[in-house]
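Please read the structure below before turning to the comments.
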Amino acid sequence: MTVTRGRFVRRMLLPLLFLALGASGVTRAELTIEIVGGQEGAQPIAVAPFALEGGVGPAPEDLAQVIATDLARTGRFKPLPRQDMPPTPPSVEGVELRDWRVLAMNNLVAGQIKRRPDGYYEVHFALFDVYSGEQLANMSLPSSAADLRHTAHRIADIVYERLTGLPGAFTSRLAYVTSEWGVDGQRVTLRVADADGHNPQTIVASKEPLLSPAWSPDGRRLAYVSFENRQTAVFIQELTTGRRERVASFPGLNSAPAWSPDGRQLALTLSKDGNPEIYALDLGSRALRRLTDHPGIDTEPAWSPDGSEIYFTSGRGGDPQIYRMPAQGGEATRVTFTGDYNGRPSLSPDGRSLVMVTRVNGQFRIALMDLASHGTRLLSRGGLDESPSFAPNGSMVIYATQSNGRGVLAVVSTDGKVGQRLSQDAGEVREPAWSPPPR
Amino acid sequence: MNAFPLSHAGLAQARDGYRPGWPDTLYGTLTSASALALAPALATGRGVALRTPSPQPSPARGEGVKGSAACAAGSLLLLAALLLALGGCASPVKQEAAKAPGSAATTIPLATRPGPPGLSDPNSPLSKRIIYFDYDSSTIKPEYVEILRAHARYVATTPKAKLMLEGHTDERGTREYNLALAEDRANAVRRFMRAEGAGEAQLGLLSFGEEKPTQPGQGETVWALNRRVELVY
């Protein structure tokens, strides 16, 4: 960083904000994953190294390691350490299941990589039930060299789905905001990375705050709030081209964007009419419709997955609490009653529960609420936890927390049993948003 | 309830790598590099005052030092000297730099912005340009009424004056709610000043929520200093 700082400073002095180099804006600071919490009841599984067929030297990417780490992160699987494995099977066909039975493995993933004449790779893998000998999956996935890691995540998705009956979330992505202070002031970036923190790319960089990234339902665009020119505005940016559009820059607040499930509307908070209210912006016609009308604060809208309702935070009752209203606006019904601070709702993909920030004994924590029973469970133990977002399969929640006084991200399973922490070696990480399932 | 064990031992400490607009020297610790930068400024005999933060909200002490705007607005000579020495500051300060006669030191005139007279007179209420709020409240406290009234009077009688009201919160609570709360605070100040005669077009409003704390770290003392509206001419 020291080497590039001079140029960085000069660039920053010209415009307040510059767009990073779009798709090529690869950032070095990867998020490091640390798995926290027990693995009781986790299924033993072995992911044998994928050999490069007919090749000399190691495979270009350690696919087995990526798959094993993905599975371990869910807390449902306990992958066998590599040093405890018998010799690598030469091919899927050459697997000796008794070698793995001895090690008390339930399942085995074995595979190999073949380099094709056109430079592409063919990744062949099989998932075995070690005791019955049954192959639960056996397929070949073509992959470019650059996509090998992604292919490993796809295999992990397939394995997870075959063994749990639930879709995996390993090919999904994360959006998050980073902040670092240097002699030239603050540098804030909005980044997109793989769900395991790898492959981070900066999509916007600014000297002023960026916040509230929100994925479009097709996963191709992000809406976010930027303070560039010292004025809030809501932008929508296309990820692959870097092209972006300012969709709201009214006098006052322009914040809290949330896509409707059909991708046609953006709910957002504006204060142009006097105080913070929730509006729906039709992205086709650009028509703006006001949904709330109350002198208290109304903000942090979140759509129900069927698009019929909007949940939001309101200060109308004195304390911030979560309410819901029809998506066309209308009478709001209070949803949370326990505690003096409940805010920032986010609905589970099945629409049956929500996650929120709640204050318990002065500590701000993440809580999961069942919408039918109103039963609430705390998912985090920090003091300033915020910005919860569901994984696309609903099995986990990512949120922002602090570790040793620094902003990091944490992931927790919705049963609260297993978690991961994602941090950078420098600066703060915050405002996570988990992408919808890839299409 | 079985959340995984997260370590929060650092909660009571200042955050690592956290460098808001205040240089370390303002906290009373001079690094060798910044001491070198300060020495020539001291030699010029200009009024350099090392200020350390007081535990109580003290509106005057935040003057002109605000996050990334410090380069343009540094009203403390010390800050200006530091920033120049670090080479990280933009032209407004540098252009006004001059060689002090008979020494290799560079002095920097106090950066000023057009604002009301009395801005730098500690006895004038106009010198106080930050007011503080209670937790989750946008109510103007009685002790700040005189300050706001003085500014409103100045704005009302100075047609050219423009005043930006910048709202802030502490870090507790959700970011978007805090953005709205900070807006509410700035709005409360605007309503007050309008009632005291300031013109609508003269008052600008800006909410930063919890994004720009003046103080790092945690605890009620720090939070109290961050729950504020800054009056920026």
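Some notes on this structure:
- Inter-centroid distance (Cα atoms) of segment A:311-339 relative to segment A:340-361, Å: 12 Å
- Dipole orientation for chain A: of the candidates A:SER179, A:SER144, A:ALA410, A:SER179 has the Cα lying most toward the positive pole (charges on Cβ; Lys, Arg +1; Asp, Glu -1).
- Separation of the alpha carbons by more than 31 angstrom is noted, of A:LYS417/B:LYS212; A:LYS207/B:LYS162; A:LYS78/A:LYS207, for A:LYS417/B:LYS212; A:LYS78/A:LYS207.
- Backbone geometry of segment B:160-175 corresponds, through the Karplus equation with coefficients 6.51, -1.76 and 1.60 at θ = phi - 60°, to 3J(HN,Hα) couplings of 7, 5, 10, 10, 9, 9, 10, x, 9, 10, 7, 7, 6, x, 7, 5 Hz, x marking Gly and Pro.
- Overall form of segment A:320-371 per C-alpha gyration tensor (a/c, 1.5; a/b vs b/c): oblate
- Spatially, segment B:185-218 and segment A:58-107 are offset by 59 Å when compared through their Cα centroids.
- Per the Kirkwood formula applied to alpha carbons, segment A:274-389 shows a radius of gyration over Rh ratio, Rg over Rh, of 0.97.
- Degrees separating the helix A:63-73 axis from the principal Cα axis of chain A, which is the longest one: 50 degrees
- For segment A:345-434, the Kirkwood hydrodynamic radius from C-alpha pairs, put into Stokes-Einstein at 4 °C and a viscosity of 1.567 mPa s, yields a diffusion coefficient of 100 µm² per second.
- Here is how the number arises for chain A: DSSP H runs of 4 or more residues each give -39500 (n - 2.57), the sum is divided by the residue count, and the result at 222 nm is -3000 deg cm²/dmol.
- Cα gyration tensor, segment A:89-172 - rounded (a/c under 1.5), prolate or oblate: oblate
- Coil-residue chymotrypsin sites (Phe, Trp or Tyr not before Pro) of segment A:298-385, DSSP, other Cβ within 10 Å capped at 11: A:PHE337
- GNM flexibility winner over chain A from A:GLY111, A:GLY274, A:GLY197 (Cα, springs under 10 Å): A:GLY274
- With a Förster radius of 41 Å applied to the beta-carbon distance between A:ARG220 and B:ASP134, the computed FRET efficiency rounds to 0.40.
- Of interest is the spacing of the C-alpha centroids, which for segment A:203-279 and segment A:135-174 amounts to 32 Å.
- Taking chain A as a Gaussian network of alpha-carbon nodes connected by springs under 10 Å, the highest mean-square fluctuation of the residues A:VAL411, A:VAL102, A:VAL192 belongs to A:VAL102.
- Sum of side-chain charges, A:SER140 neighbourhood, beta-carbon under 10 Å (Lys, Arg +1; Asp, Glu -1): 0
- A full extension of the chain between B:ARG149 and B:THR221 corresponds to an added length of 23.3 nm, given 0.36 nm per residue minus the alpha carbon distance.
- Dividing the mean sequence gap of close Cα pairs (under 8 Å, 6+ apart) by how many residues chain A holds gives a relative contact order of 13 percent.
- In chain A, taking the dipole from charged Cβ atoms about the Cα centre, the farthest positive-side position among A:LEU253, A:THR299, A:LEU378 is held by A:LEU253.
- With K and R counted +1 and D and E -1, the other residues having a Cβ less than 9 Å from that of A:PRO167 yield a net charge of -2.
- Shape category assigned to segment A:30-130 from the gyration tensor of Cα positions, a/c cut at 1.5: oblate
- Percent RCO, i.e. relative contact order, over segment A:323-427, from Cα pairs under 8 Å lying at least 6 residues apart: 16 percent
Read the figures in this text as sums done on the coordinates, not as results from a lab. The model shown is predicted, which means the values in this text are computed figures rather than measured ones. Ideal geometry is used to build each Cβ from the backbone, glycine not excepted, and the neighbour counts take in all protein chains shown.
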